[in-house]
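The structure appears right after this line, and notes come after that.
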Amino acid sequence: MDVIVAGGGPVGLTAAALLDAAGVRVEVHERRGGPGRETRGTTVHPRTLEVLTMLGSGDGRRVADVLLARGSQVPDTHFATLPDHLDYRDLDTPFPFVLRIPQWQTELVLTEALRARGVPVHYDSAVTGLEQTGDAVRVRAGGVWRSAGYLIGADGAHSAVRRAAGIDFPGTAPDHLGFVADVQLAEPIEDYSHHWNQDAGHASFLVLPGDTIRVFGVRAADVGLPAEEVRRRQAEPFTFAELTESLVAICGTDFGVHSPAWLARTSNSGRRAAAYRTGRVLLAGDAAHVHLPAGGQGLNVGVQDAVNLAWKLAAEVHGRAPERLITGDAGYQAERRPVADQLVASTRAQDALMHTFNPGGAALRDLFSGFIAEGGEFAREMALRLSGLAVAYPGPDGAHPLTGTRVPDLSLTRRTVHRELRPDRFLLLDFTAEGSLSGLGSEYVDVRTAAVPRREAWRDVRAVLVRPDGYVAHAAPSAAGLAEAIAAWTEPDHRAVPSGG
């Protein structure tokens, strides 16, 4: 086996699907006894739908297409439960909306895609130990030792892989205790309904597919608690009686809440793994970073981890990864840990806006909500960040400004860019008038011709090399230096496995 993935949630399943599509032998081990049925992460942002467009579902459609058919599209989203929402409708993406879909549905679609490809997903098979050697990793899963070239820990916030690999998980201790539930309501309620009460706390409601209502919030009395108390109470079940009591205290009514399908406690602990990789063990998703659940960012950033990791690890497995993809400036940790830093910073800011229950907090909410209501650059930048479309990776000094940025879904000869992407190869966009770059195609590089995009930042480019994850690897006004740029991304300069980084 080339790669074992620990964790059968959206992050682990996405990583496995992409690795398999790149010709890597992979299997998934999940501690649960079967597929999940909890709604949990319900928000899929535009950038996640873009990258899931590259994955086939097994029935002739792309994974993104199947998710769209099962979820509901909402053109705006909240930031920190502010009254005014961020508008996605003008974003430069095929998916200018938030897709609401229960996490178990997302997992089901990905699991079906893996089943269609013959990738095994083993349930009731928790990873409980690992041993590394110079050229393999032994993994104890489901009580049996198995060997693989690499292990991906996508097994959640309490990752057994992270602990077994000896990777620290530093961060901030929690100081408040929140709640989340999926219920039915007897009384009608507006979608994206937010109740912020300076004296009692806040509660928010949103409608999920199937008329399930997601409610989440925090009691004002549960803010500013000692970390030990938060951890102790978070380990206790959150009861339906506590939910109704909280809603009455915050909203003045419980809206006739009934039929709870899921009840849980939340906190605002923010942690990041000290390393995303040690030897042949790598971490992704909640195993690498946890934060206040705000804005639906956790699932989406985790899937983006998987997308960034899969093509690089596939190149390493096949022996064609240059050092820059393993330990260098374009390595998995080098690119994704800063994104986690930004994620934790964003959720901390939302924490302050949501949970500062005093006159200053009320004024701050009014101020920021007003900025969003005005639209303009502030609101647009916030929408780009929350949607995942603003993520960019640093390029080398002197590189074209497009380098490291996400490629829009440009129209090509047959399909669009996102539907041409493959996890095992680069895409060379040929904007020359005569289509002169065809000779640079190879086993690892597809060449596609197109007209120069009608976008200001793209007007001067004639050659753009796109990474398998849809970001610009190289952009230039001519073919000069293009062959060297391709080689720098696709030809190995060593094959040593690192001890970290």
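Descriptive notes on the structure:
- Contact map, segment 1-27: first residue closer than 24 Å to His158 by Cα and among the polar types (S, T, N, Q), second residue part of a helix (DSSP H, G or I) and open to solvent by less than 20 Å² (accessible area, probe 1.4 Å), Cβ cut-off under 7 Å, separation 6 or more or different chains; pairs are Thr14/Leu110; Thr14/Val303; Thr14/Ala306; Thr14/Val307.
- Residues within segment 147-192 that are in a loop (DSSP other than H, G, I, E, B) and open to solvent by 10 Å² or more (accessible area, probe 1.4 Å), tallied: 21
- Residues in segment 73-96 that are β-branched (Val, Ile, Thr) and part of a loop (DSSP other than H, G, I, E, B): Thr81, Thr93.
- You will find that of Val452, Val472, the residue that is part of a loop (DSSP other than H, G, I, E, B) and either free of Cβ contacts under 8 Å to residues at least 24 places away in the same chain or touching a strand residue (DSSP E or B) at 6+ places or on another chain (Cβ under 8 Å) (or both) is Val452 and no other.
- Subset of segment 421-449 that is within 30 Å of the chain's Cα centre (by Cα) and without any contact (Cβ under 8 Å) to a residue 24 or more places away in the chain - its residue that is nearest to Glu316 (Cα to Cα): Glu443
- Matching residues in segment 388-439 - criterion: being at pLDDT 95 or above, in contact with a strand residue (DSSP E or B) (Cβ under 8 Å, 6 or more places away or on another chain) and not in a loop (DSSP other than H, G, I, E, B): Arg406, Val417, Arg419, Glu420, Arg422, Arg425, Phe426, Leu427, Leu428, Leu429, Asp430
- Top-ranked residue in segment 240-282 [being of a type in the set (S, T, N, Q) and out of contact with any helix residue (DSSP H, G or I) (no Cβ under 9 Å at 6 or more places or on another chain); ranked as nearest to His202 (Cα to Cα)]: Ser246
- Residues within segment 50-77 that are closer than 21 Å to Thr212 by Cβ and either out of contact with any strand residue (DSSP E or B) (no Cβ under 7 Å at 6 or more places or on another chain) or among the hydrophobic types (A, V, I, L, M, F, W, C) (or both), tallied: 6
- Sole residue being at pLDDT below 95 and open to solvent by 40 Å² or more (accessible area, probe 1.4 Å), chosen from Ala363, Ala373, Ala345: Ala345
- All conditions in (1) touching a Ser or Thr at 6+ places or on another chain (Cβ under 6 Å); (2) under 19 Å from Tyr150 (Cα atoms) hold for Glu27, with the sole exception of (1).
- Any hit, segment 283-297, residues being open to solvent by 10 Å² or more (accessible area, probe 1.4 Å), under 26 Å from His418 (Cα atoms) and touching an Asp or Glu at 6+ places or on another chain (Cβ under 7 Å): no
- Count - residues of segment 389-404 that are closer than 22 Å to Phe97 by Cβ and either among the polar types (S, T, N, Q) or open to solvent by less than 20 Å² (accessible area, probe 1.4 Å) (or both): 1
- Within segment 199-215, the only residue that satisfies the criterion of being at pLDDT 95 or above and open to solvent by 40 Å² or more (accessible area, probe 1.4 Å) is Asp199.
- Some residue of segment 428-435 being open to solvent by 60 Å² or more (accessible area, probe 1.4 Å), over 28 Å from Ala463 (Cα atoms) and not small (Gly, Ala, Ser): no
- Failed condition for Thr239, given (1) farther than 20 Å from Thr43 by Cα; (2) modelled with pLDDT of 95 or more; (3) open to solvent by less than 30 Å² (accessible area, probe 1.4 Å): (3)
The values are calculated or read from the model by the stated rules, or taken from the named source; none is laboratory data. All of these numbers come straight from a predicted model, not from anything done at the bench. Backbone-built Cβ (ideal geometry, glycine too); neighbour counts: all protein chains shown. The accessibility values were calculated without ligands, DNA or RNA, using every heavy atom of the protein model including side chains. Shrake-Rupley method; radii C 1.70, N 1.55, O 1.52, S 1.80 Å.
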